[in-house]
Every structure is written in C-alpha cells, then in structure tokens.
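Remarks on the structure that follows.
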Amino acid sequence: MAENRKVSSVSFFNSRLTSVISIALVLFLLGLILLIGMLGNKLSVYVKENISFSIVLKENQSDAEVRKMQKSLDALPFIKSTEYISKERAAKELEEELGENPETFLGFNPLQASIEVRLRSEYANPDSLPVVEKRIKGYASVSELLYRKDMMEMVHDNMRRIGLILLSLAVVLMAISFVLIGNTIRLLIYSKRFLIHTMKLVGATPGFIRGPFVRYNLVSGIFASILAILMLTGTLYYLQRELGGFIQILDLRVVLLVYGAVFVLGILLSVFATIFAVNKYLRMGADRLYYI
C-alpha cells in the first residue's frame, strides 16, 4: 500500500514537472518575442535620433549670430540636439580622416562652419522631412542643408517592416502558446476523464468539477511563469555580458513590463486552457470516453 502511494506521488510529481517545464518553455519564447519587439522599438528610436544632418552656414557669421540661431533651433519641437562645428574643428576632423591637413596643400581652409542637427525620432521620417527642411532653410544664416534623404527613408521603411514582422510573430506565437499549453493540460486531464464523468453522474455542478483542475493548473502556471522569467533573466544576463550596454537600450521598465506580461499570461493561459479542456469532457457522453 505504501509502495503504491509512493509510485503515485512520483507519478504526480513527474506529470506536474513535465507540465511546468512545457508551459515555461512556451512562455519563455513568448517573452523573448516581446523583449525583441520592445528592443526593436527602442532601437528604432535610437537609430533615428542618431542620424544627423548638417546645416552649412554662410561665411563671416559672427559668434553671436551662430549662438542665436543655435538657441532658436534647440527650441524647435522636432529638434533633439544641435552641435556647432567651427571651420577649424571641421578641418581637424578631416585631417584625422585623411591623414593630412587640407590647408597645407591648398593654402587656405576650404571648409565652412556648420551646425550638426539630430531630430526627434517621431520627426525622422520621410513625411516630416520636407517640413523640417523648409523651416530650417528659412534662417538667413543657412547656406545649404546636407543630409542623406535616401538613408532616412531606408531606416524608416526597415524599422516599420521589422515592427510588422515582430507583431506577426507575437500573434502567431500567442496562438501556438495557447494550443501547446492547452494540449499539455488536456493530457493531464485526460487520465481524469472517468472521474469527471462520475462526478457529473452524482450531481456535481460544472463549476464544482472544474474547481480542483483550475487550482491545480493555476499553481502550475505560476511555477511555469517564474521559471520562464528566470530563463529570460539568464538570457538577458548573457546578452549583457556579450553585448555591453544591451540593458541600457532596453531599460529596466521594459524588462519588468515583459516579466509582468509573462507572469500574467502564464496564469491566464493555464486557467483558460484548463476550463476548455474540462468542458470538453463535461460535454462528452460516457460511450465516447472509451474511444479518445
């Protein structure tokens, strides 16, 4: 008798462990997609706000005029930051790139002073660029505006494409998650199908029958969510160690948001999958229970 009880306990532990690991792996993949999606959004903002263009200034602009213009530019809603680059600094940067000062063989500095401008991410797109360009060219000190329009359009299109792909993956993975978790839980409940039928025969209500199964799989969902979060934490630690600054791009609030989503989804998917699985056997006649 004691041996049978021991075998039953081991079987119970193994079935619960298998269920928890199966659900945790699915939640881990779902959390990974959510993290990549969040990272893609942050990366899009980071890339767009680090694409700069140059406002080439007219000759003989005084420092006061340049400072006034720069202050005016900083106040514009679509500009994130500006940086003044003098003729001397431009020549020095060119010397570092070419290995030779242009003044030594030309006899004069051919470069013009400029202001490097970075836009806010929401304005760094093809629709907003004509408005930005028109506004900046309205300044009297501006000689010309230099930027890679084709590169900005390419970045915008690629980021939008990546966002749609990640959204599609998240939707598909959510559906797959529900199916896999549902199948895992259905296999656990399968062995109890005759018990469910017996309880139904003695007059137990559907809610009373579902209760123990829901509580059992609710606990499994909590354990699976915690395990998935630990796996995600390990993955983030590895990425941070291999790619320095990774967490700074993602930021802690996003990570905690994904952890919360994984925890809640683990519970909800487990509970709903249990309800659907139990309802299947509640609706099933006694004759069909032998042939499934």
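The values are calculated or read from the model by the stated rules, or taken from the named source; none is laboratory data. Note that the coordinates shown come from a computational prediction; the quantities given were computed from them, not determined experimentally. Positions of Cβ are backbone-derived with ideal geometry, glycine not excepted, and every protein chain shown enters the neighbour counts. Heavy atoms of the whole protein, side chains included, go into the accessibility calculation; ligands, DNA and RNA do not. Shrake-Rupley method; radii C 1.70, N 1.55, O 1.52, S 1.80 Å.
Could you derive backbone 3J(HN,Hα) for region 53-66 from the dihedral phi with the Karplus parameters 6.51, -1.76 and 1.60 (θ = phi - 60°), listing whole Hz in sequence and x where the residue is Gly or Pro?
Running phi through 6.51 cos²θ - 1.76 cosθ + 1.60 with θ = phi - 60° gives 9, 10, 9, 7, 8, 5, 5, 6, 7, 6, 4, 5, 5, 5 Hz.
Quick one: Karplus J couplings for region 197-213, per residue in order, coefficients 6.51, -1.76, 1.60, θ = phi - 60°, nearest Hz, x for Gly and Pro?
Ordered by residue, 3J(HN,Hα) equals 5, 4, 4, 5, 5, 7, x, 5, 6, x, x, 5, 5, 5, x, x, 5 Hz.
Identify all lysines with a Cα-Cα distance to K80 below 29 Å; exclude those on the same chain that are fewer than 8 residues away in sequence.
Counting by Cα, and skipping residues close in sequence, K80 has these lysines nearby: K42, K48, K58, K68, K71, K92, K134, K137, K149.
Of D251, D74, D157, D63, which has the most accessible area and how do the rest follow, probe 1.4 Å?
Details: D251 35, D74 80, D157 55, D63 100 Å².
Final ranking, largest accessible area leading: D63, D74, D157, D251.
At what distance in nm do the modelled label points of E65 and V142 sit from each other, each positioned 7 Å from its Cα along Cα→Cβ?
Rounded to a tenth, the inter-label distance reads 1.6 nm.
So who's got an amide H within less than 5 Å of the one on L57, skipping anything under 5 residues away but keeping other chains? H placed 1.01 Å off N, in plane.
Result for L57 returns A113, S114, I115, S143.
Using a cut-off of 13 Å between beta-carbons, work out the net charge of the residues near S114 (Lys and Arg +1, Asp and Glu -1, S114 not included).
Working: positive: K58, K87, R89; negative: E59, E83, E88, E93, E116, E144.
Result for the neighbourhood of S114: -3.
For S81, list long-range residues whose amide hydrogen, built 1.01 Å from N in the peptide plane, is under 5 Å from its own amide hydrogen.
Long-range HN contacts for S81: R118.
Which ³J(HN,Hα) values in Hz, rounded to whole numbers, follow from the phi angles of region 254-266 under the Karplus curve 6.51 cos²θ - 1.76 cosθ + 1.60, where θ = phi - 60° and Gly and Pro get x?
5, 4, 5, 5, 5, 4, x, 5, 4, 4, 5, 4, x
Determine the order of R161, R283, R118 by accessible area, beginning with the largest, at a probe radius of 1.4 Å. Working shown, then result.
Details: R161 130, R283 180, R118 75 Å².
Sorted by accessible area, descending: R283, R161, R118.
Under a 1.4 angstrom probe, counting protein chains only, how are R16, R193, R253 ranked by accessible area, largest first?
On the way: R16 50, R193 30, R253 195 Å².
The residues order as R253, R16, R193, largest area first.
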